[in-house]
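The values are calculated or read from the model by the stated rules, or taken from the named source; none is laboratory data. If you're wondering where the values come from, they're calculated on a predicted model, not measured in any experiment. Cβ coordinates were reconstructed from backbone atoms using ideal geometry, including for glycine residues, and neighbour counts include every protein chain displayed.
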Amino acid sequence: MCLRFRFVLAALLGLASAAVPVLAHHSFAAEFDRSKPVSLTGTVTKVEWANPHARFYIDVKDENGKVNNWDFELASPNGLMRRGWTRNSLKIGDVVTVTGWAAKNAPYVGNTSAVTLSDGRKVFAGSSAENETNP
C-alpha cells in the first residue's frame, strides 16, 4: 500500500471516529431528585455488572398489589469492588431492601445509596449523589 493511501485512510478513520457521539457521564442532579427518597424491598430480577454504572432490577409490589420492576443505578463495577461488592453480591431471586432516590422524569428508576442484602449485610452503592454537595 502506498504511503499516501495509508495517510488518507488513517485520516478518514480518525474523522469517522471523532464523529461518533460520546456518552457523557451525567451528574446526579441531571437525572435524579434528592426530594424523592425511596426505600423499597423487592426481589432481584436482573443484574448488569458493566461500565459506566452497574445496574440491578427488582420487582416491587405497590400498595395496590401491582408489581413494578425498578431499575437501580449503582457506581461503576470498580467503585463497587472498592466498597466490598463482588459480581455475586446480588443474585437473581434475592430479596433486598434498597435506599436511594427516584429519577426526576422516569417511573421506577432510581439511584442507589445502599442495599441491605438478603443475609442482612448493608453495602453502600457509591451513588453519584456522593460527588455533589447537598443543595
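Yes or no: ALA75 hydrophobic (A, V, I, L, M, F, W, C), part of a loop (DSSP other than H, G, I, E, B) and at pLDDT 90 or above? Considered against the rule, which asks whether it is hydrophobic (A, V, I, L, M, F, W, C), part of a loop (DSSP other than H, G, I, E, B) and at pLDDT 90 or above, ALA75 comes out as yes.
The residues of the range 86-106 that are assigned to a loop (DSSP other than H, G, I, E, B), surrounded by 18 or more Cβ atoms within 10 Å (Cβ to Cβ) and small (Gly, Ala, Ser) amount to a single one, SER89. The residues in the range 33-47 that are within 23 Å of MET81 (Cβ to Cβ) and either touching an Asp or Glu at 6+ places or on another chain (Cβ under 7 Å) or modelled with pLDDT under 95 (or both) can be counted, and the count is 2.
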